[in-house]
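Below: one structure, written as C-alpha cells.
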Number of protein chains: 2
Amino acid sequence: MSMYSYILPMTKLDSCDVPLVNEEAVSEVLGAQADDVDVARLAETFQMLASPSRLRIVEALAGRELCVCDLAAVVGISASAVSHHLRQLRQMRIVQFRRSGRMAYYRLDDEHIAALFRTGLDHVRE
Amino acid sequence: MSMYSYILPMTKLDSCDVPLVNEEAVSEVLGAQADDVDVARLAETFQMLASPSRLRIVEALAGRELCVCDLAAVVGISASAVSHHLRQLRQMRIVQFRRSGRMAYYRLDDEHIAALFRTGLDHVRE
DNA sequence: AGAATATATGAATACATGCTCATACATCAA
DNA sequence: TTGATGTATGAGCATGTATTCATATATTCT
C-alpha cells in the first residue's frame, strides 16, 4: 500500500496506485466528463476520419455530392473499397446519400464534418 | 503486370475502371486536393483522437495541465498505458509537456485540439 | 426476358493498435 | 550512496482494420 493512498470516496480516483498530485483538478475533471457512450461514439467518429482514403472522400464531398464511381476516381481505389468505406461513414453519420436509379449520390451529413476536416488540416499545417 | 495497365497519362482519373458520371466535378476536386503528406498527417492526427482513453486525456487537459499519474486516475488505466498514449499524442503535437523534477505536466498543444473535441462531441450528440 | 451496369457485402489476408508486464532512467529523500 | 518514486519504453498478445476478390442485388437497356 502506497503512503500516498488517500482515503477518498470510491470513484475512478482509486483505480490508480500512483499518488494524485492535483487532487482538486482531478475531481473537477471527473465531475465534468462527457458520457461514456458519447465518448465511445466520438472515438468511432474520429476513427472514420483516421484514414487517408476516407479523408479524401470527405474532402471530395465538401460542397458537392458525388456517386461511388466518381469517388473511386478521386480517391484512387476500387469502387468496392469505396463502398466499404461509405458504409462505415454512413453508420457514423459522416455522410448521407440518395438513390437515383442504380446510382447512389453521397454528401456530407452536416457542417460539423467539414469543420472537423478544416480544423484538423489547419492543425497539421501550422 | 495487370491486364488493366492502359497506356495513358499518369493522372488519378485513370485509376478507376468504372465510368465517370460527373467528370467536371471530379476534375475540380482533384485540382483542389490537399497535399498527400498533409492528408497522411491529418489521418494520423484523427487516429490519435480515435480512442476513448486518449479522448479522456484530451478532455481532461482542456483548460488545465495535469501530470501522468493524475491522467491515469482520470482515465482509469495504468500510468504506463497513459505514458504510451502521451508519447503518441506528443508525436502528433496533440499535447505539449513541461518537466518539473521527476514530474511531467501535460497540456493541449493549441486551441485546434479542444475545438476538434467539442465539434466532434456536438456531432455525436445531435 | 436477358445482358450490362452501379453499388453493396461476406470472406480472407496482411497489417496496425492498445493494453499489460517487465524494466530502464532520472530525480528526490534519508 | 541507497532506496523509493514518477515517468518512459520495448516486447508480446489479443483484437481491430483496409484492402482485394468473388459474388449478390437492383436497375436500365435492348
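The values are calculated or read from the model by the stated rules, or taken from the named source; none is laboratory data. Every value quoted in this text rests on a predicted model; they were computed, and no experiment measured them. Please note: Cβ atoms are built from the backbone with ideal geometry, for glycine as well, and neighbour counts cover all protein chains shown.
Residues checked against (1) within 7 Å of chain A (Cβ to nearest Cβ); (2) surrounded by 15 or more Cβ atoms within 10 Å (Cβ to Cβ); (3) part of a helix (DSSP H, G or I):
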site	(1), (2), (3)
B:45	yes, yes, yes
B:50	yes, yes, no
B:53	no, yes, yes
B:59	yes, yes, yes
B:63	no, no, no
B:98	no, no, no
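Could you check, for the range B:106-118, whether at least one of its residues is buried (at least 18 other Cβ atoms within 10 Å of the Cβ), modelled with pLDDT of 95 or more and in contact with a Cys (Cβ under 8 Å, 6 or more places away or on another chain)?
Yes - at least one qualifying residue is present in the range B:106-118.
Can you tell me which residue in the range A:40-55 is farthest from residue B:43 (Cα to Cα), limited to those that are within 11 Å of DNA strand D (Cβ to nearest atom) and in contact with a Gly (Cβ under 8 Å, 6 or more places away or on another chain)?
A:46
Do the conditions hold for residue B:31, that is, is it at positive phi and more than 14 Å from DNA strand D (Cβ to nearest atom)?
Numbers: at positive phi: no; more than 14 Å from DNA strand D (Cβ to nearest atom): yes.
No, not satisfied.
So if I check each of A:74, A:82, A:124, which one is facing chain B (nearest Cβ under 8 Å), buried (at least 19 other Cβ atoms within 10 Å of the Cβ) and within 14 Å of DNA strand D (Cβ to nearest atom)? Break it down into steps so the answer makes sense when it comes.
Values: A:82 fails: facing chain B (nearest Cβ under 8 Å); A:124 fails: within 14 Å of DNA strand D (Cβ to nearest atom).
Result of the check over A:74, A:82, A:124: A:74.
Is the range A:19-41 home to any residue that is near DNA strand C (Cβ under 10 Å from one of its atoms) and either over 14 Å from the mean Cα position of the chain (by Cα) or at pLDDT 95 or above (or both)? Outline the logic, then answer.
Start the filter on the range A:19-41 by keeping residues that are near DNA strand C (Cβ under 10 Å from one of its atoms), which leaves none.
The answer is no; no qualifying residue exists.
Here is a check on your reading of the model: is residue A:74 β-branched (Val, Ile, Thr), under 20 Å from residue B:35 (Cα atoms), part of a helix (DSSP H, G or I) and within 15 Å of DNA strand C (Cβ to nearest atom)?
So residue A:74 passes the test.
How many of the residues in the range B:48-69 are free of Cβ contacts under 8 Å to residues at least 24 places away in the same chain and closer than 25 Å to residue A:74 by Cβ?
1
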